[in-house]
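This report refers to the structure that appears directly beneath it.
The values are calculated or read from the model by the stated rules, or taken from the named source; none is laboratory data. The structure displayed is predicted, hence computed values, not measured ones. Here the Cβ positions follow ideal geometry from the backbone for every residue, glycine too, while neighbour counts run over all protein chains shown.
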Amino acid sequence: MSNIPLYPSSPDNVPESLTRAKISYKRQAWLAMIGLTVFMLFYLSLATCFGWIVYVNIIEMINGNITFPNILVTLISSLLTIFMTKSLFSVRKSGNVRGEEVTPKQEPKLFEFLHTLADEIGAPRPHRVFITADVNAAVFYDLSLINMFFPSKKNLIIGLGLVNVVNLGELKAILAHEFGHFSQGSMMVGRWVYIAQQIIGHMVVTRDWLDSAVRFISKIDIRIAWLGWLLGLVIWSIRSLMDSLFRLVVIAERALSREMEFNADLVAVSVTGSDALINALYKLQSADAAWQATIDVVNIEARKGNLINDLFRAQKSAINSLAQVLNDDGFGVVPEAEGDNISQHRIFSKNMARPPQMWSTHPQNSDREDNAKKVYISSKIDQRESWLVFSDPEQLRKTISHGFYHSDKISQMTVVPAEQVVSQSYSQASYLPKYRGIYLNRSPVRLFNNVDEILNTANLTVPPNESILSLYPESLTEQLKLARNLDLERSTLKDLASSKLKPSGGVIRHRGNELNKADIPDAIQEIEIERAAIADILKVHDARCRVAHLQAAKECSEGWESYLKSLIHLLHCTEHLHAKINNELALLVNTWQVITADKKIGYFEKRRIIKVCEHAQKELRQISSCAGKIVLPDAVISATGYDDWANKYPNFSILDVSKKNWKSWCENASKQMNNLIYTLGAIKSATLEELIISEDKIAQHLLCSTELHAAPVAGNNPNEYPTLLIGDEHKLQRKLDLWNRFQLAHGLFPSTLRLMVSLGVVAGTVYSGLIGL
């Protein structure tokens, strides 16, 4: 349909009904529209009612009926009218996008590609286009109150972290999905809901001069303060009432949103076939992991004064490196169809899994795949690289990459090759493929309470050379993969239980079954039983690895047994101290979030956080004392640069927490804890690396008769130090107390109670104002 050589061809014989709105789509659109209309009419009616009360009372006073009740009603109603009216003008543009805006003059090929795609779909062309670094593609709006009546201009975000991992056909599919939203008539419902969300969000969250005035009045003499208390109660009630009613609108809109996403997927299918979008979905999961790994490398190198000019080369390198570490050739590679019936090929299982980050609020991947392949549209996917849509991709990659650094420091930094620093990050001995990813983001000693437990857990009855040869079997790959999947399932269910994650379409799906929220604890317990069984297997494996090499080291003599034991001891010590600090920091942050959830800190909440601070203070001083007794071996000093550790280690030094300084104490303690976490993290990583290298030297000497020199001088470790086994962490508060749940409407009973109380206060206020007329 186009003469543009760059533009991938579209499939033939696409049914006209493929993208036609289904009955369920239309029903949800009507429900969302009706709910939003009723809500806005109620909001405007209430604001008008307060304004009318003011008007009538002013007329009464002008006519000479000046009484205290009239003055009081006029004052309160005026403030309430202002309070509700000013929120209507809170709608703002979406704000600045953290990226580079490009124009047709700068990127003619990109805009020609986008315009051709928009025209083919029948969608409006994007108003503005922004390029970011993320694994992302999204639509956003320039909004104002006028867009309640007139269409808003749509802008497009394209993330280079996404462009970097998909081919041209898959990029077309992703952008077609976004343009599919442009062409949906029901998008106006989403736009209206978004505008209403800004109005309600401003009303509920924002605290400005009006709140300050009410607080000021409430602190004056009690003969006047009661007026401030009354105003505060009424304002809280209006906020609560509008927030509660709007949640009902959001529920209806969310159901519509699910239908809109499925419809937008079908728009993509109509111009790219059934496979391109689903293949892209699959690739984006590994792209997310690799991008996070890239950011970690960027931060580490930036601390050293090094600059990576092209983060996207680093991302590609990270995908390859992760595949090697995991010993998984299929990492980030779309599984090929087996057999001739391609239309029945599925790459996503029915087990619940999170979508890629850019589509975290979308339906789950398996549902999207079933939707895209229900009517299978066959089409060859254009395998050319997506970078072809840009005029100067190298310069663009460099510009976007530099956005991660302080512009005034770039000239002082040393440029390092992207692939080199990433490969170096994953070139550690512990990341070698033969270890099958057992040491990737996993501690081999956290499951043990002490070093003696490690030595006593493994029961090896065969010679060391036979033990070493059987340490890392192929079955270990599957066990680790299962452990990671179970961890993902558990974290997903926990986020669903806490409402941090919203289920697609309001339905919680797990292992092919639909769950009620009340069923989640049982599902989590089932997962934890399975995970514990895998943990026991891996725990024995960890012990066998250590003991087998210790037995081999004993045969080698030359001080290697003592050296290995000292490394195991140091690793165990630093891993547990590191975990203890993270645990205390997590509790401190969690407590802070809970007590500030309602924007107020009461007497008992202050006592609670001071108690947490006192406990953290005691623990951290003990941890700091233990850390100061560590004597690092030369290999760890060389890797970390922490020479003269006894005098330079990050001691936790801070004044005792008190009722007066607890806020500043929390801030200073958090900084020091993060410093300790970073330092001990570097030591434990370097220690693990030296341990694996040393074990490999011993294994090679025993199995291949390689030369083995005398062991290095061992370090020294404290005999006793605090430990924290996995599973023994602080139980963080995931659920607010009853008062805060009432204030924030968390849960059915608190939400219903708040709705009734706020409705009663608002109705009483309106009635009092009208009766006073």
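Of note:
- Members of segment 62-79 found to be in a loop (DSSP other than H, G, I, E, B) and hydrophobic (A, V, I, L, M, F, W, C), listed by number: I66
- Taken together, Q383, Q344 contain a single residue that is surrounded by fewer than 17 Cβ atoms within 10 Å (Cβ to Cβ), more than 21 Å from the chain's Cα centre (by Cα), modelled with pLDDT of 90 or more and not assigned by TED's automatic domain parsing to the domain that holds E170, which is Q383.
- Some residue of segment 403-418 being surrounded by 16 or more Cβ atoms within 10 Å (Cβ to Cβ) and within 24 Å of L577 (Cα to Cα): no
- Hits in segment 378-412 (condition: in a helix (DSSP H, G or I) and out of contact with any helix residue (DSSP H, G or I) (no Cβ under 7 Å at 6 or more places or on another chain)): E394, Q395, L396, K398, T399, S411, Q412
- Extreme residue, farthest from T457 (Cα to Cα), among residues of segment 551-580 that are out of contact with any Phe, Trp or Tyr (no Cβ under 9 Å at 6 or more places or on another chain) and aliphatic (A, V, I, L, M): A579
- Of all residues in segment 214-235, those that are without any contact (Cβ under 8 Å) to a residue 12 or more places away in the chain and part of a helix (DSSP H, G or I) total 6.
Rundown of residues vs (1) assigned to a helix (DSSP H, G or I); (2) at pLDDT 95 or above, yes/no style:
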| position | (1), (2) |
| --- | --- |
| E558 | no, no |
| C573 | yes, yes |
| K600 | no, no |
| R608 | yes, no |
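- In segment 266-289, residue farthest from Q344 (Cα to Cα) [restricted to those that are surrounded by fewer than 24 Cβ atoms within 10 Å (Cβ to Cβ) and among the hydroxyl-bearing types (S, T, Y)]: S286
- Inter-residue pairs, beta-carbon under 7 Å, first surrounded by 14 or more Cβ atoms within 10 Å (Cβ to Cβ) and in segment 452-465, second charged (D, E, K, R), 6+ apart: I454/R546; T457/K539; A458/R544; L460/R544; P464/E555
- Selection within segment 347-368 - assigned to a helix (DSSP H, G or I), touching an Asp or Glu at 6+ places or on another chain (Cβ under 9 Å) and either among the small types (G, A, S) or at pLDDT 60 or above (or both): R368
- Selected residue [in contact (Cβ under 8 Å) with a residue 24 or more places away in the chain, assigned to a loop (DSSP other than H, G, I, E, B) and not basic (K, R)] from V375, V421: V375
- Test: N306 is surrounded by fewer than 23 Cβ atoms within 10 Å (Cβ to Cβ) and in contact with a Pro (Cβ under 6 Å, 6 or more places away or on another chain): no
- Test: residue in segment 296-312 that is free of Cβ contacts under 8 Å to residues at least 40 places away in the same chain and among the basic types (K, R): yes
- Residue check, T81 closer than 30 Å to E259 by Cβ, touching a Gly at 6+ places or on another chain (Cβ under 8 Å) and surrounded by 13 or more Cβ atoms within 10 Å (Cβ to Cβ): no
- When the criteria are applied in full, I59 meets the requirement of being at pLDDT 85 or above, among the β-branched types (V, I, T), loosely packed, with under 13 Cβ neighbours inside 10 Å and over 30 Å from V250 (Cα atoms).
- Failed criterion for V713 (all others in (1) under 22 Å from V547 (Cβ atoms); (2) at pLDDT 90 or above hold): (1)
- Among the residues making up segment 456-474, a single one is farther than 27 Å from V325 by Cα and outside any loop (DSSP other than H, G, I, E, B): N456.
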